[in-house]
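Okay, structure first, notes after.
A short reminder: the numbers here are calculations on the coordinates, not readings from a lab. On a predicted model such as this, the values are computed, not experimentally measured, just so you know. Because the Cβ atoms are built from the backbone with ideal geometry, glycine has one as well, and the counts that use them run over all protein chains shown.
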């Protein structure tokens with residue numbers, strides 16, 4: 001029996017998906033959460049075999065959550081769901097890495113089939129996402145066409161998310177336990193690599209790329 005935890009801020013979608021999965025032989029729903037705080041609590045209390053998480057959770061970072069889950073003693077399969085997928089989202093997903101990335105616009109039968117495959121040990125992606133990926137010589141998935149985000153380190157991506165939300169350099173330094181000078185240096189390199197020249201443009205880029213929902 002595969003125990004599945006669903007995390008989606010759209011309660012109706014999450015409950016409908018839970019109902020559909022519960023009707024499939026071999027699946028049971030461990031819980032439904034609408035944010036990552038409740039999601040983390042349910043991960044610890046229910047020990048699911050798989051997590052289905054919406055990428056665009058307001059005020060939450062699903063990619064950081066997924067990386068933290070990957071560091072656990074018992075690691076569930078992680079599947080991301082979203083209405084659309086930008087290159088930035090996909091870049092984050094393959095870096096985690098996740099076990100699947102499915103679009104919410106897919107027919108329900110496709111979602112069930114893909115989740116069954118992932119439960120069996122496969123990696124599954126919606127077709128429009130899979131065609132944007134290739135496997136490198138080391139067997140890792142990478143984006144077929146490079147994008148500006150590919151040149152940023154994980155730390156720079158974290159700095160970018162904070163700065164794009166309007167957080168000051170000093171506040172980011174405190175949050176990341178780094179010096180303001182280090183954050184300022186990251187800020188300069190990020191804006192240089194993205195060819196962005198001010199904070200407003202940076203925030204617009206980050207939101208457009210799906211780095212945060214709100």
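What 222 nm value per residue comes from the helices of the chain, counting each DSSP H run with n ≥ 4 as -39,500 (n - 2.57) and dividing by all residues, nearest 500 deg cm²/dmol?
Helices in the chain give a 222 nm mean residue ellipticity of -14000 deg cm²/dmol.
Please state, to two decimals, what the Cα-based radius of gyration of segment 152-208 comes to when divided by 2.2 N^0.38 Å (N = residues).
0.99
Which value in Å is the Kirkwood Rh of segment 2-143 over different Cα pairs?
The answer is 15.1 Å.
Please compute the modelled spin-label separation between residue 22 and residue 189, points set 7 Å along Cα→Cβ, answer in nm with one decimal.
Simple spin-label model gives 4.9 nm for this pair.
Using a basic spin-label model with each label point 7 Å from the Cα along Cα→Cβ, how many nm lie between residue 133 and residue 146?
My value for the distance between the label points is 2.1 nm.
For segment 7-68, take the convex hull of the Cα atoms, compute a quarter of its surface area, and give me that in nm², please.
Taking the Cα atoms of segment 7-68, their convex hull projects to 4.0 nm² on average.
Please compute the Cα-Cα pair-distance distribution of segment 92-214 with 5 Å bins starting at 0, giving whole percents from short to long.
That works out to 2, 10, 17, 17, 15, 13, 11, 8, 5, 1, 0, in percent per bin.
Which whole-angstrom value gives the distance between the alpha carbon centres of segment 1-79 and segment 168-213?
29
Multiply the residue separation of residue 12 and residue 181 by 0.36 nm, subtract the distance between their alpha-carbon atoms, and state the gained length in nm to one decimal.
Gain on extension, residue 12 to residue 181, equals 56.3 nm.
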